[in-house]
1. What pairs come up if the first residue lies in segment 202-231 and is of a type in the set (F, W, Y), the second is within 15 Å of ligand 4 (Cβ to nearest atom) and modelled with pLDDT under 95, and their beta carbons are under 8 Å apart, counting only those six or more places apart or on different chains?
2. Can you name the number of the only condition in (1) touching a strand residue (DSSP E or B) at 6+ places or on another chain (Cβ under 8 Å); (2) at pLDDT 95 or above that L211 fails?
3. Please work out if G262 is out of contact with any Gly (no Cβ under 7 Å at 6 or more places or on another chain) and farther than 26 Å from S120 by Cα.
4. If you take the residues in segment 99-135 that are more than 17 Å from I151 (Cβ to Cβ), out of contact with any strand residue (DSSP E or B) (no Cβ under 8 Å at 6 or more places or on another chain) and not in a helix (DSSP H, G or I), which one is nearest to ligand 2 (Cβ to nearest atom)?
5. Looking at (1) among the small types (G, A, S); (2) within 16 Å of ligand 2 (Cβ to nearest atom); (3) more than 21 Å from the chain's Cα centre (by Cα), can you tell me which one S26 breaks?
6. Take the residues in segment 143-192 that are over 26 Å from G258 (Cβ atoms) and not in a helix (DSSP H, G or I); name whichever of them is nearest to ligand 1 (Cβ to nearest atom).
7. Given Q242, Q194, which one is under 25 Å from S158 (Cα atoms), more than 21 Å from the chain's Cα centre (by Cα) and exposed (fewer than 14 other Cβ atoms within 10 Å of the Cβ)?
8. With a cut-off of at least 2 residues that are surrounded by 17 or more Cβ atoms within 10 Å (Cβ to Cβ) and within 12 Å of ligand 1 (Cβ to nearest atom), name the strands (runs of 3 or more DSSP E) lying wholly within segment 22-98.
Amino acid sequence: KAKAAGRNGIRFFDPQMQVAVSLRASLEQDLHDAIRLKQFVLFYQKQVDLRGEIIGVEVLLRWIHPTKGLVSPAQFIPLAEESGLIIPIGKWALHAACETLAQWACEPAKSHLTIAVNISVVQFREKNIVLTVLDALASTGAPAQRLKLEITESLLASNFQEVKTKMLELQQHGISFSIDDFGTGYSSLLYLKQLPLNQLKIDQSFVQDILSSPNDRAIAQAIITLAAAMKLNVIAEGVETQEQRALLELLGCEAYQGYLYGKPCALEELFL
Ligand code: C2E
Ligand code: MG
Ligand code: MG
Ligand code: MG
């Protein structure tokens, strides 16, 4: 098989690859029209405290494709990032999330809940990102203090000063920041003390085998200890079992998100 691929591993007229390429192209074409055709929906996943009480949600984008059905973000987010379509798509998601936030602000039982929105590196590097976020808040009337942006370590790998300036500006408006998938990127820990951060999010890859893997447990412990020392809060993602939750609690984790508390779902189902 390696031989067929040629010396550099480059395959030219591989029919299987041809199919993959044209599938991608057609998916990208469809992605162009997806906002206008209202094919995106936001799903919501609970985040809970030690008592299991909801403290907020993370919004997760879903694309309902007319013929392919539900397309997962793992498939279309990379495509959207490469094509630049993540800019309008991300803007839509931010606006939709802020609409919900504004609605919750009027309901006493929900007014304390935060909404976390994923922001990709491509989006955050865009020069108008600060304005885009502030616009979403202003046009919906959502409280900035309840909006959290999830960024990843890869954002911090270059143009650090520019990223920092944008983050500080957003922080001044009351917006908070969480580092998503913490510990899976290639960044230095130096940035932790230089940026206006509020939360570290323990990646699900460390949670999954936390009961059986001493290494994963040690990493989770290190993240929790680091967060406490830096006065950041910490949340574990991908929590699926009571045993995982109990161990995370023992290690000092105070917030949890995962199938144990609910899969991402439509807004109407969130409080059922
Ligand atoms: P993420 O932000 O790290 O989100 C966590 C992913 O884990 C979500 O996948 C969620 O559905 C899944 N998950 C939650 N709890 C569990 C659990 O207990 N077990 C397991 N196995 N999985 C769990 P999803 O929704 O497919 O999203 C994948 C990624 O796509 C997200 O990772 C995020 O990076 C990106 N994404 C999703 N929505 C948006 C968006 O609106 N904007 C941007 N820029 N990226 C998004
Ligand atoms: Mg996230
Ligand atoms: Mg994550
Ligand atoms: Mg992840």
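The values are calculated or read from the model by the stated rules, or taken from the named source; none is laboratory data. Please read all numbers here as calculations on a predicted model, not as lab measurements. Glycine also receives a Cβ, built like all others from the backbone with ideal geometry; neighbour counts cover every protein chain displayed.
1. Close Cβ pairs satisfying both conditions: F206/G183.
2. (1)
3. No; evaluated as a whole, the condition is false for this residue.
4. Out of the qualifying residues, it is K110.
5. It is condition (2) that S26 fails.
6. A157
7. Q194
8. Output list reads 40-48, 54-65.
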